[in-house]
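The values are calculated or read from the model by the stated rules, or taken from the named source; none is laboratory data. Values in this document were obtained by computation on a predicted structure and should not be read as measured data. Methodologically, a virtual Cβ is constructed for each residue, glycine included, from the backbone with ideal geometry; neighbour enumeration extends over all protein chains shown. These accessible areas exclude ligands, DNA and RNA; they are computed on the full protein's heavy atoms, side chains included. Shrake-Rupley method; radii C 1.70, N 1.55, O 1.52, S 1.80 Å.
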Amino acid sequence: MKGLPEERAVRLAEYIVKNSATVRDAAGIFHISKSTVHKDVTERLAGINGQLYEQVKQVLEQNKSERHIRGGLATKNKYAALKN
């Protein structure tokens, strides 16, 4: 995804808010690195669109609080698949 970083930050933020997506999900969809997504939505976006920044921040905090559960489920599924 090429273009101006400011435009990219807004598009990423809108995608994250609309889909309650993780940074990893957004990076995969837009074919850019996770660090670029994180920098765009945490640093660049704050100076561009404060309201959208707050919405993204809320989604990212929710994802952060749930990640240990997703990791545990992934491990459970991995070993269940190995058993069969």
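Remarks
- Residues in region 1-28 that are closer than 20 Å to residue 63 by Cα and more than 10 Å from the chain's Cα centre (by Cα): 9, 10, 11, 14, 18.
- Evaluation of residue 79 against (1) in contact with a His (Cβ under 6 Å, 6 or more places away or on another chain); (2) open to solvent by 40 Å² or more (accessible area, probe 1.4 Å) (one fails), failing number: (1)
- Whenever a residue of region 49-78 is β-branched (Val, Ile, Thr), its partners that are assigned to a helix (DSSP H, G or I) and open to solvent by less than 90 Å² (accessible area, probe 1.4 Å), lying with C-beta atoms within less than 7 angstrom and at least six residues away or across chains, give the pairs 56/13; 56/16; 56/17; 56/41; 56/45; 59/16; 59/17.
- Exclusive hit being touching a helix residue (DSSP H, G or I) at 6+ places or on another chain (Cβ under 6 Å) and open to solvent by less than 100 Å² (accessible area, probe 1.4 Å), set 10, 56: 56
- Among residues of region 22-37, those that are under 13 Å from residue 8 (Cβ atoms), crowded, with 16+ Cβ neighbours inside 10 Å and of a type outside the set (Phe, Trp, Tyr), counted: 5
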